[in-house]
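**Q** Have a look at this one.
The values are calculated or read from the model by the stated rules, or taken from the named source; none is laboratory data. Keep in mind that what you see is a predicted model, and the values were worked out from it rather than measured. Quick reminder, even Gly has a Cβ in these numbers, built from the backbone with ideal geometry, and neighbours come from all protein chains shown. Keep in mind that these areas ignore ligands, DNA and RNA; they rest on the heavy atoms of the full protein, side chains included. Shrake-Rupley method; radii C 1.70, N 1.55, O 1.52, S 1.80 Å.
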Amino acid sequence: MLPSYFIPLFLLVTIHLNVYAFKSYSQYQLWRLDVTNNEQVAKLLDFSRVAYQQNINFWSEEFRVNNPIDVSIAPESIESFASFLLSDDIKIKYHVIMKDIGSIIERQNLIHKLIPSYENFDDFAYDKYHPIEEIYAWIDTMVQTYPSLATSFVVGTSYEKRQMKGLKISSNKTAVTVAGIPVNTKKAVWWDGGIHAREWISPATNIYIAHSLLSSYGTDPTITHLVDQFDYYILPVFNVDGYAYTWKTDRLWRKTRSKTSQPGCFGADPNRNWNYHWCEGGASPDPCDDTYCGSKPFSEVETAQVSNFLRAHNDTVVHYINFHSYSQLWMSPWGYTTKKPEQFKLQDDGSAKAVKALGAVFGTNYVHGNIGSTIYIASGNTVDWTFGAANITFSYAVELRDTGEYGFLLPEDQIVPTGKETLAGELALLQYIEGKVYV
Ligand SMILES: [Zn+2]
């Protein structure tokens, strides 16, 4: 047998291409549908359940009258989908937002980033998207750079046996003070990103905010105070297998990567898989659907492990954020019903503060409210469980930038602005929560 360095170059190139066969979105279009009545909403919802059969994929989670619905269409389905929309019994107007999704993916040069570069983590680029290996190397760098504040933690192992690795920030001060008086139990905060794999701005925003807390501790009085008052658990990439898949195979993948009962259909929606009013509405029992709720609650090892971690820490965790994109929404429970919980005002007042502070930075406009009314019914979602089952009062689902110009393909030059404004919103919310939990 020849030693490995005798492998001819052409063979290496072949292996490389096989590993990184990337799904092409060449000539796929993104349309925005204008839905004006409930009959249209109902028909579109019905259609959305079988849309995958025609390579049609709804980017929007909002199915409401007078709310634009974004949907991507494979070139071979453009004609038939147009005639469906314009047919007499549905009559939905639409316009084309992106003429060629594939060219935008290419223009953003995403494919070139498939080969990780681990060097120079002192110069980690906060204005770039990073594959999972680089994010984990960044966590290690933070631990080395800020040893008195940062440690890493592992929630568990994913379906494809990747670590689910996070960053804990704690100033190790045990006596939290309120008006100068020590309070013994220090409360904790949990943020995560990337529960939906293609929503790349959400891991990037977690990274930006975590780094801001670490690098500004001791110089920025607001951050120093809030880092002393709370411990922070940050899981930048929740759906780690799905995220890796968006880097190497399909940029627009959403779900986990587990096997299902349906050959050829993989993964469940990790934001429909939680054991609280599981799979009641706004979630699909069809393994091929993008909102597949899984074979049972917590069928996905990733959601099961995060829920175990939160249960084990639920005497301290008082605030949870599940970061998504896109739509610019700051939302609180419930998602399984349009009804609001008793604590809605307490929660939504916090959203209002966050949205106001966020908007003050660059004028970015966010809407806030309960999930069920602000977007649509989504049962088995993360924050319904963190609030309903784990009693984390200040549980939020946040949809980051934008409102559809680029959608999931938000350009890298918006990473830092998104980070800055979201940090401002979050600091305002933390100050609000501080006043509610330390009394
Ligand atoms: Zn999402």
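**Q** Arrange the peptides 418-427, 229-238, 55-64, 40-49 so that the one whose residues have, on average, the most other Cβ atoms within 10 Å appears first. Working shown, then result.
**A** Numbers: 418-427: 22.6, 229-238: 24.8, 55-64: 19.1, 40-49: 16.6.
Answer by packing, highest mean first, reads 229-238, 418-427, 55-64, 40-49.
**Q** If N is the number of residues in the chain, what value comes out of its Cα radius of gyration divided by 2.2 N^0.38 Å?
**A** Numbers: Rg = 21.9 Å, N = 439, 2.2 N^0.38 = 22.2 Å.
For the chain, the normalised Cα radius of gyration comes out at 0.98.
**Q** Taking the range 316-439 as the region of interest, what is the percent of Cα-Cα pairs per 5 angstrom bin, listed from the shortest bin to the one with the maximum distance?
**A** Using 5 Å bins, I get a P(r) of 2, 12, 22, 24, 19, 13, 6, 1, 0 for the range 316-439.
**Q** Could you give the C-alpha radius of gyration of the range 347-396 expressed as a fraction of 2.2 N^0.38 Å, taking N as the number of residues it contains? Before the final figure, lay out the partial values.
**A** Numbers: Rg = 12.4 Å, N = 50, 2.2 N^0.38 = 9.7 Å.
Cα-based Rg divided by the globular estimate yields 1.28.
**Q** Would you mind giving the average projected area, over all directions, of the Cα convex hull of the range 304-344 in nm² with one decimal?
**A** On the way: hull surface 16.8 nm².
Averaged projected area of the range 304-344's Cα convex hull equals 4.2 nm².
**Q** Also, I was wondering about something else. Two decimals, Cα atoms only, Kirkwood Rh: what is Rg/Rh over the range 29-107?
**A** Values: Rg = 12.1 Å, Rh = 12.7 Å.
With Rh from the inverse mean 1/r over Cα pairs, Rg/Rh is 0.95.
**Q** Tell me, what is the percent relative contact order of the chain, built from C-alpha pairs under 8 Å that lie six or more residues apart? If you can, show how the numbers build up before the last one.
**A** Values: 907 pairs, mean separation 67.1, N = 439.
Relative contact order for the chain comes out at 15 percent.
**Q** Provide the per residue accessible area, probe 1.4 Å, for the range 122-437, rounded to a whole number of square angstrom. The partial results should precede the final answer.
**A** Working: 10670 Å² over 316 residues.
Using a 1.4 Å probe on heavy atoms only, each residue of the range 122-437 averages 34 Å².
**Q** When the accessible area of the range 145-243 is computed with all protein chains present and a 1.4 Å probe, what percentage of it is carbon and sulfur?
**A** Answer for the range 145-243: carbon and sulfur cover 52 percent of the accessible area.
**Q** Another question, if that's okay. Report H225's accessible area, 1.4 Å probe, all protein chains in place, as a number in Å² to the nearest 10.
**A** It works out to around 80 Å².
**Q** In the range 314-402, what percent of the accessible surface is made up of carbon and sulfur (1.4 Å probe, ligands and nucleic acids excluded)? Please list the in-between numbers first.
**A** Numbers: 1380 of 2790 Å².
So the carbon and sulfur contribution to the accessible surface is 50 percent.
**Q** Among K161/K255; K168/K296; K128/K187; K248/K420; K255/K340; K161/K186, which pairs are too far apart, with a Cα-Cα distance over 21 Å?
**A** On the way: K161/K255 16 Å; K168/K296 30 Å; K128/K187 32 Å; K248/K420 29 Å; K255/K340 28 Å; K161/K186 33 Å.
Those over the limit are K168/K296; K128/K187; K248/K420; K255/K340; K161/K186.
**Q** Same structure, new question: Just tell me, in residue order, which DSSP H segments of the chain are both 30 angstrom or longer along the helix axis (alpha-carbon based) and at least 0.0 in mean Kyte-Doolittle hydropathy.
**A** Details: long enough: 415-437 (31 Å, 0.39).
Once both thresholds are applied, what remains is 415-437.
**Q** What is the range 310-439's relative contact order, in percent, from Cα pairs under 8 angstrom and six or more apart in sequence?
**A** Values: 227 pairs, mean separation 51.5, N = 130.
Computed value for the range 310-439: 40 percent relative contact order.
**Q** Counting only protein heavy atoms, what percent of the accessible surface of the range 29-107 is carbon or sulfur at a 1.4 Å probe?
**A** Working: 1910 of 3950 Å².
That share works out to 48 percent.
**Q** With label points built 7 Å along Cα→Cβ from the Cα atoms of A389 and S261, find their separation and express it in nm.
**A** It is 2.0 nm.
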